[in-house]
Amino acid sequence: METRVRGKVSLPSEAPSYSVPDACTVVIFGASGDLTARKLIPALYALGAQGLLPRYFSIVGVARRDLGQDGFRREMRKAVEQFSRLGPIRSEVWDPLAEAIHYLAASFDDPEGYVKLRDLLARIDQTVGTSGDRLFYLATPPTAYAGIGRLLGEAGLASPGGEGWTRIIIEKPFGRDLESARGLNRQVLEVFREDQVYRIDHYLGKETVQNILAFRFGNSIFEPLWDRRYVDHVQITVAEDLGVAGRGGYYDSSGALRDMVQNHLLQLLSLVAMEPPASFEAEAIRDEKVKLLHAIRPTPRQTVAERTFRGQYTKGIVGERTVVGYREEAGVRPESTTETYVALKLTIENWRWAGVPFYLRTGKALPKRITEVTIQFREPPLLLFEHGAHAGHQGPDDLEPNRLSLRIQPDEGIALRIGLKPPGERISLVPVLMDFSYREGFGGESPEAYERLLLDCMRGDSTLFIRGDEVEAAWVPVTSILEGWQGLDVKALESYPAGTWGPQSAEAFIRRDGRQWARF
Ligand code: BG6
């Protein structure tokens, strides 16, 4: 039996809002792609709707297709109609934004295109008054990143001099393993300074992810418990109900470990486990995250089979939808052994966390979409009270330890499970839940991650972006697993019907340690 206690929050009437960036141009490479339509243009539209775009502002879409400026504007309008979180498009927001949109048809590897881009940007600076401040967004396939960086440099667009700033946002995946990530860093940093490079992980733009640090370091009651003396283990779950959703080609060469763990799950882990930073400045926070990532023990080859678990979905039903098996998805090889589910046990070798396992799992085509960090505390040293079965409420194994759940999405919130005495003569314990819901407490809807990240980049705040050494540090434990997998039989990959919580053995994976996955 769990009881819910919900909180309402009264915010100060003048809730602090974001500051508006200075005049600039956003250049999107890969403008005809999915990310631009689903995320980037709707995010820029939402910033416009909130009055957060600079007064002098323009967007240049660059892609190979010969769409023409009007064609591109029309497509982007459709994208906003389809994907904006703000409901029906408002012409007083869209019209000025559409006016600011330009399009350049060019191939990413053709130097001529960059000369045209330079001329176009110079013209825009003069006519719109954007004063040379530029943000290049690489929303292209990753194989194009290094080449675009080099050609921007050769065209004199990487550091045009004068007063203006130039920044570059690079999408994930940043490399395929440690070596390729190092190589990409080297190539990018031959052209740009580190402080110009914004490596994106959109999880950092989510409000609830930012709240992890606020929660930990803005309250005095949790941090003293936040270590090996009181924490039994930590779980991080990122479950998705969708399959590969039309991205079979990319996904099949990537898999869940590269696609989700190297970035999103390890970012969540580093925020949950890092030491307090000296300040809330970008470098101080990123220094601590890097230290934590370095403390994750790479998985030795001989233990990879026992510390990791892989699955792949077959045909099944998720909610009311029938989902085809992974190997039947467009773009996926029929004999593919790419994992769509992965579970890992990681350990962190530092004083705070020695001996505390961190269990990570993520998968596609699971029963629901949920991202949660669960901190499970140790049991009391001595049980003085009846619980569960004796108290008549639970089964014999159901003494439930204290558990703190940070619900990242979609029902954002924080819940603490504690044991309380129900009314009655006897002293016994039942678990109850103190549960804070963002929606109920703060009202409204959180902004999309890309809104916050685009805004931060335009303002020059890199706190929520990944530094070069950080992306490499995150590849270290992941690469050790990838290497270990190479030596394993592919039979190590088990299948699970879409719509289930992964293969049966995923339960055994954690139960071996006497623990259980959180249930949702
Ligand atoms: C992306 C992955 O980075 O994150 C996708 O490439 C995944 O495979 C997505 O679906 C999940 O993001 P979100 O914000 O929906 O949890």
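The values are calculated or read from the model by the stated rules, or taken from the named source; none is laboratory data. Because the structure is a prediction, the values reported are computed rather than measured. When we count neighbours, we look across all protein chains shown, and the Cβ atoms used for this are built from the backbone with ideal geometry, even at glycine.
The set of residues from segment 271-286 being farther than 20 Å from GLY205 by Cβ and either out of contact with any strand residue (DSSP E or B) (no Cβ under 7 Å at 6 or more places or on another chain) or not small (Gly, Ala, Ser) (or both) comprises GLU275, PRO276, ALA278, SER279.
When residues in segment 289-326 are screened for being surrounded by 15 or more Cβ atoms within 10 Å (Cβ to Cβ), assigned to a helix (DSSP H, G or I) and in contact with a strand residue (DSSP E or B) (Cβ under 9 Å, 6 or more places away or on another chain), 5 of them pass.
Report yes if some residue within segment 264-276 is more than 16 Å from the ligand (Cβ to nearest atom) and more than 20 Å from the chain's Cα centre (by Cα); otherwise report no. Among the residues of segment 264-276, at least one is more than 16 Å from the ligand (Cβ to nearest atom) and more than 20 Å from the chain's Cα centre (by Cα), which makes the answer yes. Taking every residue in segment 266-282 that is touching a residue at least 24 places away in the same chain (Cβ under 8 Å) and within 20 Å of ALA256 (Cβ to Cβ) and pairing it with any residue that is among the acidic types (Asp, Glu) and part of a loop (DSSP other than H, G, I, E, B), at least 6 positions away or on another chain, the pairs with Cβ-Cβ distances below 9 Å are GLN267/ASP201. Name the single residue that is nearest to GLY175 (Cα to Cα) among those in segment 199-220 being within 16 Å of the ligand (Cβ to nearest atom) and hydroxyl-bearing (Ser, Thr, Tyr). Residue satisfying both the conditions and the ranking: TYR203. Checked against the criterion of being surrounded by fewer than 18 Cβ atoms within 10 Å (Cβ to Cβ), in contact (Cβ under 8 Å) with a residue 40 or more places away in the chain and under 30 Å from the mean Cα position of the chain (by Cα), segment 60-70 contains one or more residues that satisfy it. Looking at ASP201 and the list (1) surrounded by fewer than 22 Cβ atoms within 10 Å (Cβ to Cβ); (2) under 27 Å from ASP22 (Cβ atoms); (3) not polar (S, T, N, Q), which single condition is not satisfied? That leaves (1) as the condition not met. The one condition from (1) farther than 14 Å from ILE466 by Cβ; (2) under 20 Å from the mean Cα position of the chain (by Cα) that LYS289 does not meet is (1). Among the residues in segment 480-492, are any surrounded by fewer than 16 Cβ atoms within 10 Å (Cβ to Cβ), of a type outside the set (Gly, Ala, Ser) and part of a loop (DSSP other than H, G, I, E, B)? Yes. Output the qualifying pairs, or none if there are none: Cβ atoms under 6 angstrom, residues six or more apart or on different chains, first residue in segment 439-458 and of a type in the set (S, T, N, Q), second residue at pLDDT 90 or above. From residues that are of a type in the set (S, T, N, Q), the pairs are SER446/GLU207. The test for being outside any loop (DSSP other than H, G, I, E, B) and more than 24 Å from GLY33 (Cα to Cα) does not hold for GLU112. Mind checking which residues of segment 1-31 are modelled with pLDDT under 95 and β-branched (Val, Ile, Thr)? Matches in segment 1-31: THR3, VAL5, VAL9, VAL20. For GLU223, the criteria (1) within 16 Å of the ligand (Cβ to nearest atom); (2) surrounded by fewer than 14 Cβ atoms within 10 Å (Cβ to Cβ) hold in every case but one, which is (1). Can you tell me which residue is surrounded by the most Cβ atoms within 10 Å (Cβ to Cβ) among those in segment 235-261 that are under 30 Å from GLY443 (Cβ atoms) and more than 12 Å from the ligand (Cβ to nearest atom)? Checking each candidate, the answer is ILE236.
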